[in-house]
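Okay, structure first, notes after.
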Amino acid sequence: MKAWAPELTNARILIVDDEPANILLLEKLLKTQGCTRVTSTTDPRDALAIQCREPQDLILLDLRMPHMDGFDVMRALCDMDPENHPPVLILTAQPDMPTKLRALDSGARDFITKPFECLEVLSRIRNMLQMRLLENRLKQQKEALEETVRARTCEVTETRLEVVRRLGRAAEYRDNETGLHILRMSKISANLARHAGLPASDCELILNASPMHDIGKIGIPDAILLKRGKLDADEWKIMRTHTLIGAEILSGHDSELMNMARDIALSHHEKWDGTGYPHGIGSTDIPLAARVTAVADVFDALTSERPYKRAWPIEDALAEIGRMAGSHLDPQLVTLFHDTLPETLRVMQQHAEPVGETASHASEECTATAED
C-alpha cells in the first residue's frame with residue numbers, strides 16, 4: 001500500500017472497542033502507516049470525554065459494548081455537536097441490513113466487518129480521513145470567505161455611513177452650524193431612543209439618520225438662509241420648505257436608514273400639539289424618531305453658543321425643555337430626557353466646541369428662543 005501523506009498520519013483517530021485484541025490490531029495497523037495521534041479506550045463512556053478534550057478526525061467504533069453501545073455513543077456525539085461531530089467508522093460482527101441501516105441513520109459513515117481484513121481496514125480509514133480533511137478545508141475556506149464578506153460588508157456599511165455623516169455636515173456648514181452640533185445631537189438622540197425602549201438596531205439607525213435632519217437647507221436660497229436678523233412671513237414660508245426638500249432628497253430608497261432619515265427630515269419641526277410644520281400633525285402621528293431628534297436638537301441648540309446669543313445655562317435649558325413638554329415636544333420623552341441628563345452632559349463634554357469657534361450667523365431654527 002502506498003505510504004500515507006503526512007496530513008493523514010497526523011490525523012487524530014479514536015478507537016472505541018471493548019475487546020483489547022481488536023484495539024491492539026488496529027493500533028498496530030495504523031502504526032505501520034505512521035499514524036502518531038491514535039487514542040484508544042475499551043470503555044465507551046470515555047469516548048465523549050476524549051472528544052471534548054481533543055476533537056477527533058475519525059472514530060472507529062464498536063457497536064456491541066457494555067454501559068453504552070455504539071448507537072448510544074453516536075447519539076451522544078451528535079447531541080454534543082450536531083453540526084461538526086467526527087465521522088464514525090463502525091466495527092461490527094453483525095453484517096445484517098437492519099443493523100447497517102440503523103447505524104447509518106445514527107450517523108455512521110462506513111463499516112468494517114469483523115474479523116478485519118487489514119488492507120480493507122486501512123483503505124477505509126484512509127478514505128474517510130481524506131474525506132474528513134477535505135471537509136475541514138472546505139469549512140476553513142467557507143469561514144475565510146464569510147470573514148472576507150463580513151469585512152467587505154462592514155467596509156461598505158461604514159463608507160455609506162460616512163457619506164451620510166458628511167451629507168449631514170454639508171447641510172450644517174451650509175447653515176454655518178458646526179459638525180460637532182450634529183455629532184452631539186445624534187448621540188443624544190440615540191441615547192434618548194434607547195431609554196425610550198427602542199431596540200438597539202433602531203437606536204443605531206437614529207444615530208446615523210438624525211444628522212440628516214436639516215439636509216433640506218441645501219435647497220434654501222442664500223438670501224434667506226444667511227440673512228441676519230428676523231425673517232419676514234414670505235421668507236419664513238420658504239425657510240420651512242427645507243423639511244419637504246429634505247424628505248424629497250432622502251426619498252426613493254428602500255433602506256431602513258434612508259426611510260428613517262426621511263421621516264426625521266420631514267417631521268422634526270412638527271409639534272406635539274399639532275401647530276408645527278410642514279403638515280401640522282401632532283402627538284404620536286409624528287414619527288418617534290422625529291420626536292426624539294427634536295428634543296435633542298432643541299436642547300443642543302439652546303446650550304450652544306452662537307454669535308447672536310450666549311449658550312443657555314443647563315438649568316435654564318432644562319426649564320425651557322420642560323415648558324415645551326406637551327406643546328412643542330413629546331412630554332414622555334421630555335421626562336426621559338431629564339432622567340438621562342448625566343449621559344447627555346457626558347456627550348456634551350466629550351464633543352464640546354473648541355474655544356472661540358461658533359457659527360457665523362443666525363439660524364432660523366429654535367436656537368435663540370427655542371421656538372420657530
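Only a single criterion out of (1) in contact (Cβ under 8 Å) with a residue 24 or more places away in the chain; (2) over 14 Å from Arg184 (Cα atoms); (3) open to solvent by 30 Å² or more (accessible area, probe 1.4 Å) is not satisfied by Glu343, namely (2).
Does Phe116 satisfy the condition of being among the aromatic types (Phe, Trp, Tyr), touching a residue at least 24 places away in the same chain (Cβ under 8 Å) and at negative phi? In short, yes.
So is Gly252 out of contact with any strand residue (DSSP E or B) (no Cβ under 6 Å at 6 or more places or on another chain), in a loop (DSSP other than H, G, I, E, B), open to solvent by less than 30 Å² (accessible area, probe 1.4 Å) and small (Gly, Ala, Ser) or not?
Considered against the rule, which asks whether it is out of contact with any strand residue (DSSP E or B) (no Cβ under 6 Å at 6 or more places or on another chain), in a loop (DSSP other than H, G, I, E, B), open to solvent by less than 30 Å² (accessible area, probe 1.4 Å) and small (Gly, Ala, Ser), Gly252 comes out as no.
For region 218-241, a residue qualifies if it is basic (Lys, Arg) and closer than 17 Å to Gly276 by Cβ, and the qualifying residues are Lys237, Arg240.
Here is a check on your reading of the model: is Ile112 within 22 Å of Thr32 (Cβ to Cβ) and modelled with pLDDT of 90 or more?
So Ile112 does not fit the description; no.
Of Lys271, Lys309, Lys237, Lys230, all but one fail to be closer than 21 Å to Gln332 by Cβ and not aliphatic (A, V, I, L, M); the exception is Lys271.
The values are calculated or read from the model by the stated rules, or taken from the named source; none is laboratory data. Here the structure is a predicted model, which is why all the values come from computation and not from measurement. Cβ sites come from the backbone with ideal geometry, for glycine too, and all protein chains shown count toward neighbours. In case anyone asks, the SASA skips ligands and DNA or RNA and just uses the protein heavy atoms, side chains included. Shrake-Rupley method; radii C 1.70, N 1.55, O 1.52, S 1.80 Å.
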